[in-house]
Amino acid sequence: MAKKLYVGNLSYSTTESALSELFGEIGEVASVNLITDRMSGRSKGFAFVEMAEESAAQQAIAEINGKELDGREIKVAEARPRRERRDSWDGGGGGGGGGGGGRRGRY
């Protein structure tokens, strides 16, 4: 069964192919998803790597966590389930502003 891993503290120059190659030394890589900024397209410094086998994922955590890649000591851990996001346009959010004060008291 496939297992998703979180990979953090990546250099902004790290590519998906470099991650695929690194994790491929441990076992079969099902997918690599380098997270990028929507506006600039620049890496946010973390990625998700899905290993085809759970045993390979555990081995990758043990062997790659703390290893240097592109000049950075990367962090590898089991990915946590994605949290549900509430966007302001779906009826959630809100808040409100206080009112303006203006001048108060005697002048």
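Rule-based calculations on the coordinates, nothing more; no lab input. What you see is a predicted model; the values in this text were computed from it and never measured. For neighbour counting, all protein chains shown are included, and Cβ atoms are generated from backbone atoms with ideal geometry for every residue, glycine included.
Taking the Cα centre of the range 20-85 as origin and assigning +1 to Lys and Arg Cβ atoms and -1 to Asp and Glu Cβ atoms, the resulting dipole is close to 620 debye.
Remark on Asn9: its backbone amide H falls under 5 Å from those of Lys75, a criterion applied only to residues 5 or more positions apart or on other chains, H modelled at 1.01 Å from N. Taking θ as phi - 60° and the Karplus parameters 6.51, -1.76 and 1.60, the scalar couplings of the range 38-47 work out to 5, 7, 8, x, 7, 4, 8, x, 8, 8 Hz in sequence order, x denoting glycine and proline.
Sequence-ordered 3J(HN,Hα) estimates for the range 68-85 from the Karplus curve with 6.51, -1.76 and 1.60 and θ = phi - 60° stand at 8, 9, 6, x, 10, 7, 7, 10, 10, 8, 5, 5, 8, x, 5, 7, 6, 9 Hz, glycine and proline given as x. Within the range 41-60, name every residue whose backbone N is under 19 Å away from a label modeled 7 Å from Cα of Glu78 along the Cβ vector. Only 47-60 fall inside the zone, counting backbone N under 19 Å. By the rule of a C-alpha distance below 14 Å, with chain neighbours fewer than 8 residues away ignored, the aspartates and glutamates paired with Lys4 are Glu28, Glu50, Glu53, Glu54, Glu78.
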